[in-house]
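Every number here is computed from the coordinates shown, using simple stated rules; none is lab data. Keep in mind that this is a model prediction, so the values were computed, not measured. Cβ placement follows ideal geometry from the backbone for every residue including glycine, while neighbour counts extend to all protein chains displayed.
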Amino acid sequence: MPSLRPILSSPPIDRIRRNHGLEHATIHVLSSSKRKTMAGYSDTKGFWLVGDLNTEDVAAGVSDALARMKNGEPELAVHPGCGTNYVTAGAFAALAAFLAFFGAKTWREKLERLPLAMALITGAIIFSQPVGMKLQAEITTDGHVRDLEVASVKKVSDSPLVMHRIETRG
């Protein structure tokens, strides 16, 4: 199997992965003190943070997260609420359902296989959790931020959602 390293280390992908890691680390830091619901989205220039937070708290959280990552906490880049986990769970559940219903032609056959489908889907979701976390750690995030710096933290929307834009460089 060919290595993904050349793709993952290409400048735009590498930058997204480091920003994604910093996004997760920031959510870890902020959720430990603010107990608020947050979501994020990363790109090559930084990340968006959605949640009822004030700009000072976001700036402090990003700064703390970046410092902690640079000082030996790359595991902050992996978060249980990441979309990677949801996509992995959905893919595994869909495959389990496909396998359970494969070959069933009538509604009666499908109905008879429903308990099997539910059991397989449940197992698939349980199995997907560590796989999703591993995919994050190896592919969709990078906890080694290296020379990444925060360029700016700005509130860009107050209504209907509070959104902040965190821009990075490096």
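Points to keep in mind about this one:
- Neighbour count of at most 11 Cβ within 10 Å plus DSSP loop: longest trypsin sites (Lys or Arg not before Pro)-free window in the chain: 36-104
- Here the label points at LYS134 and ARG108, each 7 Å from Cα along the C-beta direction, are separated by 4.3 nm in the simple model.
- The equivalent ellipsoid that matches the C-alpha gyration tensor of the range 50-96 spans semi-axes of 30, 16, 4 angstrom, in descending order.
- Angle between the chain longest axis and helix 83-101 axis [Cα atoms, degrees, rounded to 10]: 0
- Radius ratio Rg over Rh of the chain, counting only Cα atoms, Kirkwood formula for Rh: 1.10
- Within straight-line cross-link reach of LYS45, lysines at Cα separation under 21 Å, skipping those fewer than 8 residues along the same chain: LYS70, LYS154, LYS155
- Taking Cα atoms only, the orientation of helix 107-135 departs from the longest principal axis of the chain by about 30 degrees.
- Using alpha-carbon coordinates, inclination of helix 55-70 to the longest axis of the chain, degrees: 80
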